[in-house]
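K.L.:
Encoded as structure tokens, here's the structure I'll be asking about.
A short reminder: the numbers here are calculations on the coordinates, not readings from a lab. In this text, all values refer to a predicted model and were calculated from it rather than measured experimentally. Quick reminder, even Gly has a Cβ in these numbers, built from the backbone with ideal geometry, and neighbours come from all protein chains shown.
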Amino acid sequence: MSTSTFERKPPIKLAELSSLSPAELAAVNGVLAKLKDAPGALLPVLHGIQDALGFVPKDAVPIVAKAMNLSRAEVHGVISFYHWYRTEKPGEHVIHLCRAEACQAVGGRALEQHVKTTLGIDFHETTADGRYTLEPAYCLGNCAVGPSLLIDMELKGRVTPARFDRLTGVVA
Amino acid sequence: MKPIPAPITIYVPRDSAAISLGADDVAIAIAAEAARLGVAIHLVRNSSRGLFWLEPLVEVATEAGRIGYGPVQPEDVASLFVAGLGNAHALNIGVVDELPYLKTQERLTFARAGITDPVSLDDYLAHGGYRGLKNALAMAPEAIVAAVTESGLRGRGGAAFPAGIKWKTVLGAEGAQKYIVCNADEGDSGTYADRMVCEGDPFLLIEGMTIAGLAVGATRGYIYLRCEYPYGQRALEEAIASAYASGWLGANIQGSAKRFDLEVRMGAGAYICGEETSLLESLEGKRGMVRFKPPLPAIKGLFGCPTVINNVITLASVPVILDKGAECYKHFGVGRSRGTLPVQLAGNVKFGGLVEKAFGVTLRDLLYTYGGGTLSGKPIRAVQVGGPLGSYIPESQFDLPLDYEAFARLNNMVGHGGITVFDSSVDMAEQARFSMEFCATESCGKCTPCRIGSTRGMEVIDKLVAGDQPVKQEALLRDLCDTMLAGSLCALGGMAPFPVLSALNHFPEDFRPQPEMLEKAS
């Protein structure tokens, strides 16, 4: 080993370490270029990434941190604080099922059981075939005509177990 | 030559609740059927009247007024055309404005609900829009603040703090930059009035915030909208772009040389960000951790600058005050609760919807005269007023008038005016446990009573219901609630005990162990 103890390692290139695909990397950089300089831009940046990719990949964290002059811990801290952001790729369709009181009053708890049993997953999970990801929501503002859910950000009201089956086509 | 008949104007709401019940499909079906029959129509996607049991509520403009049909499904559309638009039909509910549910309301803030196309600036202007701002542009900042103070308007988000006092503090605060922040993080279950304004009358909110900017000398505003409201985001952004394009926002509002810039920022699913200091942290791009007060946001708010932070309905009530005058607004209401409150009937209720009434109306009137009792037909057992941190109110208190002070005297709260109805099948111990579970899920974690108390609360309720030393557990639960009430930093931990204690006090029988539980325990 002839390496001098004083020799400095070359700087780590984030893009080289990253497992992000070129397309993902381009999406992250595109969002950053557009939004990063707005005051308090971290939430809009993370929304931008999640809207583009469906999730905020773990390897996007150091890129966002560097571009916004934040520590990785700060970026990770924000991602983990907010229920909305996810760091795993979701299924083809994302269902946000309301768990709050107004929906409970019209059968929300029974619907929740039905959805979990039918899809065979719990909250924050994705079905084995990759079709559905199930997330809880605490109120969708549709409280006069619950139980409610968002499916791919489209609001559905008066969702009975039968209507859920029709919406998803899970049960023929 | 036959004269070409004027197109018939048909309204189908674009409100998300209406869409959740099929309004988009109905609109498509109407357009298709009209095209098939060669009938000339003018299809308007209006806001919702807030009569949600009738949604999708289709309205047809006639000489007698707007005739309503509801609830309409796509398969009903052909028969509407066969009967003749505006004529008798099984779904015809008559002239919508004449429905007692609507006619007996005092709609000041929701004056345009269901009437206009939310993103049409022309419609907004034609229906009294921007009259308040026009007046405000001719007034000194002090005079605008005085009008809001004089009107008696209090924070409609739940805390009911006098809006004028908050504004006066910001007006008097030193700062090169000041901000107007709208709290549109309407996380409380049973409430949807903010959503209805964002989706259904976005210019109203823009106008209210612009007036607030003029009043306190703030040139920049943010609407912090919850990400669960994608329809509201689209409507607000469309309206903001249109307001900029026509000089109602920007550097020179209607040639006045006054500036106000506005943008929408999306939350990210954290209930706690409805708490004002947590919301400000979130807007700054941080975790939504609650701040210590003081300093008040009015002195050191967003980015350390003096900030007015108000709820959607508070800001949306300002234009009417500046238009019709503080006296007119103050004339409504009782005691120190002035003006009107848009009550939202939710949960297990037959006629769920928006009821804007002057303060003083009783719960009973709201639940039965308007709500028509439960959807299930069973008796009402309890109602939760004011969202997940509001108490469960039993039948014995239904004669309570809607009034901040009268509610507070019984440890209840008016909050944001959401009323969630439960029928006799509700298990109140389960509801109490959910309050603790919700608090545990949504706690920001900064203070111990909320972060740990909520989890301990679930455990104690589980033991209590299981019959594991119930007398001790109840004492422990009350003691824990006391700690949370007195020792939490903000309203989440500080109020989560209200639903728990009210359930325990009014429905103790639900907390007694069930016979099969006792068998298991022994």
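K.L.:
Can you compute the equivalent ellipsoid semi-axes for region B:333-423, i.e. the square root of 5 times each eigenvalue of the Cα gyration tensor, sorted largest first and rounded to whole Å? Mind dumping the intermediate values first?
P.N.:
Numbers: eigenvalues 77, 38, 23 Å².
Equivalent ellipsoid semi-axes, largest first: 20, 14, 11 Å.
K.L.:
If the cut-off is a Cα-Cα distance under 17 Å, which lysines reach A:LYS34, setting aside same-chain residues fewer than 8 apart in sequence?
P.N.:
Qualifying lysines at Cα under 17 Å: A:LYS66.
K.L.:
Take region A:14-81, compute every pairwise Cα distance, and split them into 5 Å bins from 0; I just need the percent in each bin.
P.N.:
Calculated P(r), rounded to whole percents: 3, 19, 34, 29, 13, 2.
K.L.:
Stretched out fully, how many nm does the piece from B:GLU150 to B:ASP122 gain, at 0.36 nm a residue minus the Cα gap?
P.N.:
Details: separation 28, 0.36 × 28 = 10.08 nm, distance 3.08 nm.
Contour length minus the Cα-Cα distance gives 7.0 nm.
K.L.:
Using the Kirkwood radius over C-alpha pairs as Rh, can you work out the diffusion coefficient of region A:93-168 via Stokes-Einstein at 25 °C, viscosity 0.890 mPa s, in µm² per second?
P.N.:
On the way: Rh = 11.9 Å.
Calculated translational D: 205 µm²/s.
K.L.:
What is the log10 of I(q)/I(0) for region B:428-521, computed with the Debye formula using one identical point scatterer on each Cα and no solvent, at q = 0.23 Å⁻¹?
P.N.:
Those come out to -1.07, one per q.
K.L.:
Compute the separation of the alpha-carbon centres of region B:310-352 and region B:376-413 and state it in Å as a whole number.
P.N.:
That distance is 19 Å.
K.L.:
Provide Rg over Rh for region B:8-103; use the alpha carbon set for both Rg and the Kirkwood Rh (inverse mean inverse pair distance).
P.N.:
Working: Rg = 12.0 Å, Rh = 13.0 Å.
For region B:8-103, the value is 0.92.
K.L.:
If each residue's Cβ is checked for other Cβ atoms within 10 Å, how do B:TYR370, B:TYR69 rank with the fewest at the top?
P.N.:
Working: B:TYR370 23, B:TYR69 27.
Final ranking by Cβ density, sparse to dense: B:TYR370, B:TYR69.
K.L.:
OK, next. Among B:LEU410, B:LEU205, B:LEU402, B:LEU43, which comes first, then next, by fewest other beta-carbon atoms within 10 Å? Write out the running numbers ahead of the final one.
P.N.:
Working: B:LEU410 12, B:LEU205 28, B:LEU402 25, B:LEU43 15.
Ordered from fewest to most neighbouring Cβ atoms within 10 Å, B:LEU410, B:LEU205, B:LEU402, B:LEU43 come out as B:LEU410, B:LEU43, B:LEU402, B:LEU205.
K.L.:
Translational diffusion coefficient, Stokes-Einstein: compute it for the protein assembly as shown using the Kirkwood radius over C-alpha pairs as Rh, at 4 °C and 1.567 mPa s, and state it as an integer in µm² s⁻¹.
P.N.:
Details: Rh = 26.5 Å.
Here the translational diffusion coefficient equals 49 µm²/s.
K.L.:
Regarding chain B, what is the average projected area of its C-alpha convex hull, in nm²?
P.N.:
Working: hull surface 106.0 nm².
Projected over every direction and averaged, the Cα hull of chain B covers 26.5 nm².
K.L.:
Which part of region B:462-483 falls in the paramagnetic zone of B:GLN514, meaning amide N under 14 Å from the point 7 Å along Cα-to-beta-carbon?
P.N.:
The answer is B:465-467, whose backbone nitrogens lie closer than 14 Å to the label point.
K.L.:
In terms of Cα to Cα distance under 18 Å, which aspartates and glutamates are near enough to A:LYS58, apart from those fewer than 8 places away along the same chain?
P.N.:
Excluding near neighbours in sequence, the set is A:GLU16, A:GLU24, A:GLU74, A:GLU88, A:GLU125.
K.L.:
Another question about this same structure. So what is log10(I(q)/I(0)) for chain A at q = 0.09, 0.10, 0.16 1/Å, when the Debye sum runs over its Cα atoms only?
P.N.:
The computed values of log10 I(q)/I(0) come out as -0.42, -0.50, -0.96.
K.L.:
Near B:LYS258, which lysines are there with a Cα under 24 Å away, not counting those fewer than 8 places off in the same chain?
P.N.:
Output for B:LYS258: B:LYS134, B:LYS166, B:LYS168, B:LYS178, B:LYS300, B:LYS324.
K.L.:
Rounded, prolate or oblate, given the Cα gyration tensor of region B:125-203, with a/c below 1.5 counting as rounded? Working shown, then result.
P.N.:
Values: a/c = 1.84, a/b = 1.25, b/c = 1.47.
Oblate is the answer for region B:125-203, as a/c is 1.5 or above yet b/c matches or exceeds a/b.
K.L.:
Give the calculated FRET efficiency between B:GLN73 and B:ALA6 to the nearest 0.05, with a Förster radius of 22 Å applied to their Cβ-Cβ distance.
P.N.:
Working: r = 28 Å, r/R0 = 1.26.
It comes to 0.20.
K.L.:
Answer rounded, prolate or oblate for region B:390-443, using the Cα gyration tensor with square roots of eigenvalues a ≥ b ≥ c: rounded when a/c is under 1.5, else prolate when a/b is larger than b/c, else oblate. Walk me through the numbers before you get to the answer.
P.N.:
On the way: a/c = 2.39, a/b = 1.38, b/c = 1.73.
Oblate shape, in that a/c is at least 1.5 and b/c is the bigger or equal ratio.
K.L.:
Nearest-5 percent of antiparallel DSSP beta bridges in region A:93-168?
P.N.:
Values: 8 of 14 bridges.
Within region A:93-168, antiparallel bridges account for around 55 percent of the total.
K.L.:
Could you put A:TRP84, B:TRP248 in order, starting from the residue whose Cβ has the fewest other Cβ atoms within 10 Å? It would help to have the intermediate numbers written out before the result.
P.N.:
Details: A:TRP84 21, B:TRP248 24.
Least crowded to most crowded, the residues run A:TRP84, B:TRP248.
K.L.:
Quick check on region B:121-330: take the gyration tensor over C-alpha atoms, sort the square-rooted eigenvalues as a ≥ b ≥ c, and tell me if it's rounded (a/c under 1.5), prolate or oblate.
P.N.:
Numbers: a/c = 1.41, a/b = 1.16, b/c = 1.21.
Taking the square roots of the gyration eigenvalues as a ≥ b ≥ c, region B:121-330 is rounded.
K.L.:
Hey, another quick one. Would you mind working out the magnitude of the charge dipole of chain B relative to its Cα centre, with +1 at each Lys and Arg C-beta and -1 at each Asp and Glu C-beta, to the nearest 20 Debye?
P.N.:
The dipole of chain B has a size of about 1300 debye.
K.L.:
Given the peptides B:190-202, B:304-316, B:476-488, arrange them by the average over their residues of other C-beta atoms within 10 Å, most packed first.
P.N.:
Values: B:190-202: 30.2, B:304-316: 25.8, B:476-488: 18.2.
My ranking of the peptides, most packed first, is B:190-202, B:304-316, B:476-488.
K.L.:
I would also like to ask the following. Spin-label point model (7 Å from Cα, Cβ direction): what's the A:ALA23 to B:ASP482 distance in nm?
P.N.:
According to this spin-label approximation, the distance is 6.2 nm.
K.L.:
Please compute, for peptide B:50-59, the average count of beta-carbon atoms on other protein chains lying within 10 Å of each residue's beta-carbon. Each step should come with its number before you reach the end.
P.N.:
Values: counts 1, 1, 6, 2, 0, 4, 0, 0, 0, 0.
Rounded to a whole number, the mean comes out at 1.
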